[in-house]
Amino acid sequence: MIVLGLDTATTACSVALWADGTVVANRFELMERGQAERLNPMIGEVMDDAALAFRDLDAIAVTTGPGAFTGLRIGLAAARAIALAVAVPVIGVTTFDALALAVPEAERAGRSLVVAVNGKRRDVFYQLFGADGQSCGPGAALDPGAAVDVLPPGPLLIAGDGAPQLRAGLAGNEEAGDGPEARIRFSIAVAPPDAVYVARIGAERRPAEGTAPSAPPRPLYIRPPDARLPRPGTGRGLGVP
């Protein structure tokens, strides 16, 4: 099983190849913008490192969000283009799932996991996972200042690139901290999503041979995107006055 993973959802650009249970090549670069210019060269570099051709791929996995409107579209468009060219499925992976998999198991032991994604405004996007690793409902937006009133009871671990915002929102709360006795702890996994985990999840979710193809993945938005597509017959939208 060879899966190409792509991520351009938030503040990084990454590509990884997962083959037979391990990462054989990958690239990861932090960037606020510029993913459109960097993604295709990174794909070429990873394929060259692994000495593989696109026809060797069994699937493409890509983050679907939540994340930046433009970044999500860049990754999804690239994934669909490659998949169409080599006739393989595209598997959507949420940003939440990719970040959750990056959390060390030792940190998660006995705790529910709150995965927080930087929403680029005051709020963060978050999703709760049980101690068994299964999601406990859909993602939602959260004002860090209201976190103490929204987060569920019981031992919690907060991870993801939105965790620093929640840490600030919980500052002064006696239940939050880094010590083992704290009810609300913060993970060391606070980086943006990495395509290594996207590819790994894609390998686990690839449809069985002979299964009817599913619809291409669509972006996951927690709140409506700021950018708008132009209305038919006008030049308005996308910030055009």
ask   = Given a Förster radius of 25 Å and the C-beta distance between D149 and E181 as r, what FRET efficiency does 1/(1 + (r/R0)^6) yield to the nearest 0.05?
value = 0.65
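I'd like to compare 121-133, 2-14, 194-206: which one has the highest average count of other Cβ atoms within 10 Å, and what's the full order after that?
Working: 121-133: 17.9, 2-14: 27.7, 194-206: 23.8.
Ranking, from highest mean packing down: 2-14, 194-206, 121-133.
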message = What are the ³J(HN,Hα) couplings of segment 118-125, residue after residue, when phi is run through the Karplus curve with 6.51, -1.76, 1.60 and θ = phi - 60°? Round to Hz, x for glycine and proline.
response = 4, x, 6, 10, 6, 7, 10, 9
key: Distance histogram for the chain (every C-alpha pair counted, 5 angstrom bins, percent rounded to whole numbers)   = 1, 7, 14, 17, 17, 15, 12, 9, 5, 2, 1, 0, 0
ask   = Percent relative contact order of the chain, based on C-alpha pairs within less than 8 angstrom and at least six residues apart?
value = 23 percent
ask   = To the nearest 20 debye, what is the magnitude of the charge dipole of the chain about its Cα centre, counting +1 on the Cβ of each Lys and Arg and -1 on the Cβ of each Asp and Glu?
value = 1020 debye
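Enter the mean projected area of the convex hull around the alpha-carbon atoms of segment 80-212, in nm², rounded to one decimal. Please list the in-between numbers first.
Working: hull surface 37.4 nm².
That works out to 9.3 nm², a quarter of the Cα hull's surface.
Could you sort 154-164, 31-41, 98-108 so that the peptide with the highest average Cβ count within 10 Å comes first and the rest follow in order? List each step's numbers first, then the result.
Details: 154-164: 22.1, 31-41: 15.4, 98-108: 18.6.
Final packing ranking: 154-164, 98-108, 31-41.
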query = In degrees, nearest 10, range 0 to 90: what is the angle between the Cα axis of helix 69-86 and the longest Cα principal axis of the chain?
reply = 40 degrees
task = Starting with the fewest neighbours, write out S214, S135 ranked by other beta-carbon atoms found within 10 Å of each beta-carbon.
result = S214, S135
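Which value in deg cm²/dmol, rounded to the nearest 500, describes the helix-derived mean residue ellipticity at 222 nm for the chain, given -39,500 (n - 2.57) per DSSP H run of n ≥ 4 and division by the residue count? Display every interim value, and only then the final one.
Working: 7 runs with 67 residues, N = 241.
Using -39500 (n - 2.57) per qualifying helix, the result is -8000 deg cm²/dmol.
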request  = With θ set to phi - 60°, apply the Karplus curve 6.51 cos²θ - 1.76 cosθ + 1.60 along segment 130-140 and write out the HN-Hα couplings as whole Hz, x wherever there is a Gly or Pro.
outcome  = x, 4, 7, x, 8, 5, 10, x, x, x, 8
ask   = What angle, in degrees between 0 and 90 and rounded to the nearest 10, separates the Cα long axis of helix 35-50 from the longest principal axis of the Cα atoms of the chain?
value = 70 degrees
request  = Would you mind working out the magnitude of the charge dipole of segment 144-225 relative to its Cα centre, with +1 at each Lys and Arg C-beta and -1 at each Asp and Glu C-beta, to the nearest 20 Debye?
outcome  = 360 debye
key: Computed FRET value (nearest 0.05) for E45 with Q134, which takes r as the C-beta separation and R₀ as 51 Å   = 0.90
query = Excluding V86 itself, what net charge comes from residues whose Cβ is under 10 Å from its Cβ, given Lys and Arg +1 and Asp and Glu -1?
reply = -1
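Read-outs throughout are calculated quantities, based only on the coordinates presented, and are distinct from any laboratory measurement. All figures in this text were calculated on a predicted structure; none of them were measured in a lab. In this analysis, Cβ positions are derived from the backbone assuming ideal geometry, glycine residues included, and neighbour counts consider all displayed protein chains.
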